[in-house]
Structure formats: structure tokens, C-alpha cells
Amino acid sequence: MADCLRVAMDIPPDSAFACPAAGLARTLAERSGFGQRESYRFQLTVEEFCLCLMELLPAGECLRLAMDAKPSRLRAAFSFKAANLSLAGLNLTAQAQACVEGEPGRDLGLLLAGKAADRFHLEQQGGEAFRLVAEVDRAYPELTPVAMPEEARPPYRLDRSADPARLCQAAALALGAYPARQCPGSFKRPEKFVALVAEGEMAGIVALDAAERTVGLLVWAPCSEQALYFSGPYVFAPQAERAAIARLLTDGFLAAVARDNHVIVLSFRATPDLPAGSFEPLGSLLAGREGDGRDEPVVFRHLREDTGAAVWCAPSLQAFLRQAYEELAMPRDILPVEAPAGRTRRESLLGASLDRHRDLAELRPFLDGQDLAANLTAHVAAIRDKGISRILYYMDLSRPWEAALADDLLRAGFVPRLVLPHGGQSDMVVWQHEPAA
Amino acid sequence: MSQLLDRVPDYVRRFERYVPSRPDAVLMRQYGAPFLHRLNNNENALGPPQLAREAIAAFQPERAAVYPSGDAYDLRQALAARFGKSPDQFLVGNGSCEVIGSVIRAFCAAGEAIVTADKTFAVYEWVAGFSGVEARLVPLAGAALDPAAMLAAVTDKTKIVFVCNPNNPTGSWWNRATLEAFLTALNGRALVVLDEAYREYLDDPGFPDGLGVMDRHDNVLVFRTFSKMYGLAGFRVGYLCGSLEAVDIVRRTHIAYSVNSLGQFAATAALADDAGHIAATRAMVREAGEFLRGVFDKLGLEYVSGAGNFIMVRTPVSDTLLYRRLMQKGVMVRTMTGFRFPNWIRVSLVREPAMVAFADALKKVLDRS
Ligand SMILES: Cc1ncc(COP(=O)(O)O)c(C=O)c1O
């Protein structure tokens, strides 16, 4: 595992401490070899979040800040308490609002912090406790295309600990041979992909032929405590050889993860090379503008027997869920939740990750609020404005408040497409926005 | 919670707890099944031998208040008499699973290694994993453990080689010559555990008797269990047999009093009366095997069937999907993805009604998909 520097502290709610905290952020970034731009963005993230979150603390409470650096990214995690937390300034759509309404400093600070980071997420930890995690990525060069080998000669073998150069080459080959939407985002910057593998954030196996040519790749990464996302198999070989290589990669992948700590593997990015019968269909997502017009299959398989689970479900989602579980033959206790009545928080917060290259936006609920349906609609408009056509929303059925938002999603034009078993804390419903025909 | 986890050794943090199957009533409710045939754990459908049944029935409830023999004294006497060894060459555990733990604790320090197969009984690999001991996994050659590759995997760090003979789940086994050649080439560089959990299902003269082998090779330990042939899985009684020196070492890391009184009585009685029981069980397993091979042949399914009361069959759909669909029909099998055989299931060989129920359910489920 790559070296990892950490700094942690409890910060009293006094704005005088924000600047020194940002100074530590800079030192952490510099000591970990990050460039000036990333270091500056990280400082800004830390300073602005410190200032904003301090204001929210109840009397006598501190802000806990833990920062760490891995080769691929800087991370700041803020643990804090807040009554009736509202962080609307972090919404993707916040810029317009802040200007129009001329909100005071806090929203502007949040806006800055949110934009300076590459991503953030907010966890509700029960009661008034929250954890906000923001990350700034190292900038890596984009890939140089690599030509596909013209032949592939058996016997093939797997390399489970391929060296960085081989992984880079394999990622570049995959992006050359498959559409971007079927590849992890990091393939576009193969050095980043290699760093993520070295850090243990991703794993991969490479297939080699008799002449040690790279003829295939399959990668995976955890998507929850219980589930792994895999991508591939990517095969770089003429037609006649593809099935054998794909089978080798798939079996090698399953053997590698069969006895580790995940119960299920899932994929949105299974390629057409995936051997038939090894995985189960979960459903499909609508193709985006880049697709070939066909729905994109989502597949999974268990690594062990499913022991059942309980999930929360709003009345409007019940028929969908029942049918999904029946088709999957998966035992679930479906527990009813009602739509939220009299929401106390005015403004909701959505997490949004956008990837124009892959034509994909992913939304997650961080905070419920009275404006949720409108906020969803505003997000959809802003995302479509950026030219992204595939918009997904993830609902974790382990949290009653999340499950209760079904009506807002329906109102905002989202349609439940499929259930990812164990995709979150519990099962996850994937919704997709369907533009009215 | 996450802070607690920070204080745990890395190899424990990474380790996934084992989730056993739920009780029958829960499973039947979850899957809406009217009954449940458990074909997942290779239990003996005939139950324990007659004398063991009588010993269980004769158990006086007052005895429950009294600790059992802390080292299974009477049972070890019976084993010694039966196999012509010293009682001190036996160590009885709460199932042979407990003994696996005791042996790894006794011989391996964190950072050292064991060698075993990639597609074999998982507990060796698991116990090593959560003890900070590296498990070097050697691919099978076909359906069998590969002696040359396992030898090649042994290094200075290797303390134990686990050989599951016959192998669960493939049923393959090393014959006398293979085992002898392996032990000679290994030349005492590591301890060898022969896990003979299914040995009583074999009556092939070519099968090496571990208890005899260890007289020639004092680095051999043999594991056996009362859970399989003897139908006492619910009582958890297994044992190891080895040289006096080896067993004395393992005893140091083994928890005394871990085997309950009733289990000790039943196992002792079972040993005294096993010939008829073993013959009847073998006949049942043979019949069930013939029946299922016929079913699989008709369905055009590939299977692997060797020694032991189980058979593995390759499934045209994901094994875990098949598991769930079979559960809905009241039949529980073992999925083999965890044994690194994706899209295979393992089925215990038991009495006719359950075999027929399985065959019917399988046909229906495969018709559907
Ligand atoms: C090869 C093998 N060894 C050991 C065991 C465990 O037996 P016990 O019940 O004695 O712990 C089993 C049980 O499935 C087994 O298959």
C-alpha cells in the first residue's frame, strides 16, 4: 500500500483557527508531492468548510478535522454536530441562487468550498451528528492511444499483480477498444488508474498471451461494504480468441474475490464479452446520446448465498420493488414508510458527480428538505445544460428517510429502473431521469 | 465503531466474518418454501449409529450440570483401542474445525505461511487469514490437488501443508503412491495435515490410511470428524491424531473442555458400533450418486463425482441464482463460487425422497431459465 500521511485535530469554533488549518492542508499537500494548483484548491476547501461548519456548531462543540493524502488524492473529513443542518450552498445549482438571492457569506463560502473540491459527500451519523468528506484529486496527464495487438496466441494466462506499465497499457487499450461509458473514468488517465490500484482503491487482472502481449483486462472496486463494482472484461484480441480470454478473466476475477469480504459483484459496465450465464441481469438503463440506442444491461452475481434483508419502501415504489425481488427470487422484508409530512428543513442537498466524458451524472440525497422536488428538477436542468443525457439517482433502502422520497423523484421525472442488491448499506434503487417524450 | 476497528490488527480488519445459513423456519418463511431439504452441508441423512442413539437417549439431564471430561478421556481411550495407538496421540476438538485453529496457532507465527489448494475446504485458508498467517493457494490440476505444485509452493516460511484427502468439494484423492512420494520429497520441511473428514466413505484399498502413514512420517497429522459418516454434526466432535510430540505441542494451544459431555458419549458409542452403519451409509450414497449422475446425464450437465457423500455439478446459470430458485422449491444446495468454482453447486448425497425433490426442482428451475 502506498504511503499515506495524516493530520487530525479538534478545532474550536473560532474563525482564527481556519487559516492555520488551511496552512496544515497546504503542508500536507506539499509534503505529499501535490502541485500548486491542487494544493491551493485543497487549502481553499479546508478553510472555507472550516469557517462555514464552525458557525453551525452548537455551544461547547468542536469541529473535528482529519486530513489525509494518498498519491492520487487529498481528503479532508469534517465531523461536526448541527441542529437542523442546511447546506444548500453546496448544491450543484447553488451558484445561481446565491447570486439571485444575494445570500450572505456562508453560502458563498460553501459554494467556494464545494467548487474547489473534486467531490464531497455528507453522511448523517444519527441525531445531530454529520460527517462531510471532501476530496481534491491529483492531476494526471490524459492518455496517449495505444494500438491493439493484431494477434493473440494461446495459451493465455492471468497476471494478478501486473506492473504499472502493463496496467497503463491495458487501460489505454481498453479505452481504445471500448466506448468510454463502458470504462472507468480513471482509464482516461492511466497513471491515475495505476495509482488507485497501488492504493488498493481498485484492483485488476490482466490477461497475457503466449508472447506476453496484453490481451485482456478486468477491474473492480468496492461500491459498498458488501458489493464490488466490476468493469469489463476488456479483450484485445481477434474474434476467434475473445471468448477464451473473456472466460479466463471472468473466472480469475471471481476466484480472486470469492473468499474476500464482499457478498456480491455488480456491473453497469459489463462489456458484450462477458460470458453468458455467469451473471444475472438486474435490468437495464436507458442509453445516453453516446450509446447505440440499446438499453444498457446491468448485471450481478452473488459470491455467497443471500441471507435476506429488510428494506424500507414508500407506497408508490412498492409494486416495483415487489416485482423486482420476485424476479430475483431474493427474500426481502419490505417495511413501509410514508412520504415525509411537514419537513422541518427548508433546503435539501443533493450530491452530484458529473462525467461529461462518459455522459453520466449521478445524484445522491444528502439532506432532505421542503424544496426537494424542485431541487431535483433544477439539478436535471443544470445537468442537461452541460450536455449530459444519462442522469441516475441512487436511493439506499436501508434509510427510511431516503426511501420516503419516492414521490418527489416521480414528480421530478425519475423512473425506478432497477435494484442493486447490497449496493449501499442495504439494497439500492437506481432511478433514471426520463425526459418527457 | 470505526474507531474500534482502527485498533484491530490489519488481518482481522480485512477478514470477513462467516455467515452461516439461517434456521430452517426462517429460510422457509423467507423463500416461501413448504419444506426444506438441506443438501448443503454433507450431513448423513441416516443420522448416528444405533448405539450412539441409545447413548444420547440415556443421557441424564443432571449430567448437564457437570463439566465434561476436559480432554475427552474415554473417547481417546476408545480411539486408541480402535486404531492401535496411544490415547495421547489423539486430541479431540469441538469439531475438526476447532482442531484446525489449534494446529495453526501451535505451529505458525504471524507472518509465516501455510500451503493448501485454491479449491478446497475453506477453513484452513480462513483461520490462517485471520491469524495473520499467509495462505499460499495452489491451483488444482484438473479436479485434484497438485502434489508437485504444492511442493513447489513450500518455502522456509511454510509451516503446514493442508491436504484434504479426499478433497471437498471435488471428491478427488491422493492414492498411497502419490502421498508417499509427496511426503518423501517434502522431507519433513513442513508439517502435513491430512484432513480425512470423508475417509469413511471410501473402501478403496488404494486409499492411504493416514493413521498408518504417520508411523513412517512423524510430520503427519490426521484430522477426522464425527460430523460426516457418524451423523453427529450437531454435537461438534472431531479429532486429530499424530505423533506424541506433535500432539503434545498442539495441546498447548487447544482449549480444554471444549467438547461437551453428550457429544463425547455419543461419539464413543458410535465408534463401538459402526460397521453396519457405515455399510448402510455407503449404500445410500452409492444409490444417490447413481441416481443423480443419471439425472445430470439426461439434462446434459457436467459433474464431478468422486469420494465422499457429495457431488458437484456445473450449472448453466449462476450458481447463486440457482440456489435461490431451488430454495423457493424447498431444496438447499451449496453454491460453489466461494470454493472458486463459479457456476457449480455441490449437493449432498442422501435418501431418495430428498434426491427426487432436488432432481424435480432442478428440472423445473432450469426449464424456466
Ligand atoms: C474437509 C472437511 N474438513 C473438516 C470439516 C469440518 O468438520 P467438523 O464438523 O468436524 O468441524 C468439514 C465439514 O464440512 C470438511 O468438509
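Given R₀ = 22 Å, FRET efficiency for A:E225-A:E201 by Cβ-Cβ distance, to 0.05?
Efficiency, from the Cβ-Cβ distance: 0.90.
What does a probe at A:E142 reach in segment A:27-70, counting residues whose amide N is under 20 Å from the point 7 Å along Cα→Cβ?
From segment A:27-70, the list is A:37-38.
List the aspartates and glutamates whose Cα sits under 15 Å from the Cα of B:K228, skipping any in the same chain fewer than 8 residues away.
Excluding near neighbours in sequence, the set is B:E43, B:D195, B:E196, B:E200, B:D274.
Let me check I have the definition right: for chain B, take the eigenvalues of the Cα gyration tensor, multiply each by 5, take square roots. What are those semi-axes in whole Å, largest first?
Details: eigenvalues 195, 134, 102 Å².
Rounded to whole Å, the semi-axes are 31, 26, 23.
With θ taken as phi - 60° and the coefficients 6.51, -1.76 and 1.60, list the Karplus ³J(HN,Hα) couplings across segment A:127-132 in order, rounded to whole Hz; mark glycine and proline as x.
x, 9, 8, 9, 9, 10
Extending each Cα 7 Å along its Cβ direction at B:K364 and B:R176, get the distance between those two points in nm, one decimal.
4.9 nm
At most 11 other Cβ atoms within 10 Å and a DSSP loop assignment: could you name the chymotrypsin sites (Phe, Trp or Tyr not before Pro) in segment A:182-235 that fit?
On the way: sites: A:F187, A:F193, A:W220, A:Y229, A:F230, A:Y234; in loops: none.
When the chymotrypsin sites (Phe, Trp or Tyr not before Pro) of segment A:182-235 are filtered for loop state and at most 11 Cβ neighbours within 10 Å, nothing remains.
Out of the chymotrypsin sites (Phe, Trp or Tyr not before Pro) in segment B:14-49, which ones are loop residues according to DSSP with at most 13 other C-beta atoms within 10 Å?
On the way: sites: B:F15, B:Y18, B:Y31, B:F35; in loops: B:F15, B:Y18, B:F35.
Filter output for segment B:14-49: B:Y18, B:F35.
Chain pair A, B: how much accessible area is buried, both chains summed, with a 1.4 Å probe, in Å² to 100?
2400 Å²
Mean shadow of the protein assembly as shown, computed from the convex hull of its alpha carbons, in nm²?
Working: hull surface 152.3 nm².
Dividing the Cα hull surface by four gives the mean projection, 38.1 nm².
Provide the per residue accessible area, probe 1.4 Å, for the protein assembly as shown, rounded to a whole number of square angstrom.
Numbers: 33670 Å² over 806 residues.
Heavy-atom SASA per residue in the protein assembly as shown reads 42 Å².
Take every residue in peptide B:335-344, count the Cβ atoms of other chains within 10 Å of its Cβ, and give the average of those counts. Intermediate results must be reported in sequence, preceding the final value.
Numbers: counts 6, 1, 12, 7, 3, 8, 4, 11, 7, 0.
Mean shielding by partner chains, rounded to a whole number: 6.
Relative contact order, percent, of segment B:45-124 when contacts are C-alpha pairs under 8 Å separated by at least 6 residues?
In percent, rounded to a whole number, it is 16.
Could you tell me how many degrees, from 0 to 90 and to the nearest 10, lie between the Cα long axis of helix A:164-177 and the main elongation axis, the longest principal axis, of the Cα atoms of chain A?
The answer is roughly 80 degrees.
Check each of the GluC sites (Glu not before Pro) in segment A:324-411 and keep only those in coil by DSSP with at most 12 other C-beta atoms within 10 angstrom; list them in order.
Working: sites: A:E326, A:E327, A:E338, A:E347, A:E362, A:E402; in loops: A:E338, A:E347.
Sites meeting the loop and neighbour criteria: A:E338.
So which of A:K70/A:K386; A:K115/A:K192; A:K81/A:K386; B:K85/B:K119; B:K85/B:K157; B:K119/B:K363 end up more than 25 Å apart by C-alpha?
Details: A:K70/A:K386 31 Å; A:K115/A:K192 21 Å; A:K81/A:K386 35 Å; B:K85/B:K119 32 Å; B:K85/B:K157 31 Å; B:K119/B:K363 27 Å.
The pairs that break the limit, which is 25 Å between Cα atoms, are A:K70/A:K386; A:K81/A:K386; B:K85/B:K119; B:K85/B:K157; B:K119/B:K363.
When all C-alpha to C-alpha distances in segment B:115-211 are sorted into bins of 10 Å, what percent of pairs does each bin hold, rounded to whole numbers?
In whole percents, the pair-distance histogram is 16, 53, 29, 3.
Any idea how far apart A:Q36 and B:A185 come out in nm if each label point goes 7 Å out from Cα toward Cβ?
The modelled label-to-label distance comes out at 6.3 nm.
Quick one: pull the percent of accessible area on segment A:307-437 belonging to carbon and sulfur, 1.4 Å probe, ligands and nucleic acids left out.
Details: 2560 of 5030 Å².
Using a 1.4 Å probe with all protein chains present, segment A:307-437 comes out at 51 percent carbon and sulfur.
In Å, the Kirkwood hydrodynamic radius of segment A:307-437 over pairs of distinct alpha carbons? Don't skip to the answer; put the middle values down first.
Values: mean 1/r = 0.0664 Å⁻¹.
Mean inverse Cα-Cα distance, inverted, gives 15.1 Å.
Using a Gaussian network model of chain B with C-alpha springs under 10 Å, which one of B:D319, B:D204, B:D146 is most mobile by mean-square fluctuation?
Among B:D319, B:D204, B:D146, the largest GNM mean-square fluctuation belongs to B:D204.
The values are calculated or read from the model by the stated rules, or taken from the named source; none is laboratory data. Here the structure is a predicted model, which means the values were calculated and not measured. We place every Cβ from the backbone using ideal geometry, glycine too, and count neighbours over all the protein chains shown. The protein model used for the area step is the full one, side chains on, heavy atoms only, and it has no ligands, DNA or RNA in it. Shrake-Rupley method; radii C 1.70, N 1.55, O 1.52, S 1.80 Å.
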